[in-house]
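Asks: Below: one structure in C-alpha cells.
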Amino acid sequence: MDQGKGAKRQEVRMLNRKLMDITGVLNVESFDNEEFLLETECGYLTIRGQNLHMKNLSLEQGLVTIEGLIHSFVYLDGASAGSKSKGLFGKLFK
C-alpha cells in the first residue's frame with residue numbers, strides 16, 4: 001500500500017482500560033488527572049478517566065502514553081463536536 005505525502009496514520013492501543021498508547025499526535029493541548037486533549041493526525045481527541053497521567057511523551061515520534069483508569073476517548077469533529085465538547089474544547093471554540 002502506497003502512503004503518499006500527507007497520508008494520515010494513527011494507532012490507538014489500549015490495555016485493560018489502564019494503559020493507552022496513541023500515535024500520530026501533533027500536540028498536547030491540555031491535560032489533567034481527568035481529561036487529556038490531544039491534537040492528532042485524525043483530529044482532536046479527548047481522553048477522559050480517573051487518575052490519568054502521561055507516562056511517555058515524544059512529539060518528535062508523535063507518541064503519547066497515558067496511564068490511569070480510562071472511561072472514554074472521543075474525536076471532537078463532525079456531529080460529535082457539537083454534542084460532546086462541553087469541556088475545555090467547547091469553551092475555547094464557541
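Throughout, read-outs are computed from the coordinates displayed, never taken from laboratory work. If you're wondering where the values come from, they're calculated on a predicted model, not measured in any experiment. Positions of Cβ are backbone-derived with ideal geometry, glycine not excepted, and every protein chain shown enters the neighbour counts.
Asks: Pop a pseudo-label 7 angstrom from the Cα along the beta-carbon direction at both Asn56 and Glu39 and give the gap in nm to one decimal.
Replies: Computed distance between label sites Asn56 and Glu39 equals 2.4 nm.
Asks: For Thr23, what is the net charge nearby, where nearby means another residue's Cβ is under 14 Å from its Cβ and Lys, Arg count +1, Asp, Glu -1?
Replies: Value of the local net charge: -2.
Asks: Shifting gears a bit: Please give the contour-minus-distance gain from Arg17 to Thr65: 0.36 nm per residue of separation, less the Cα-Cα distance, rounded to one decimal in nm.
Replies: 16.0 nm
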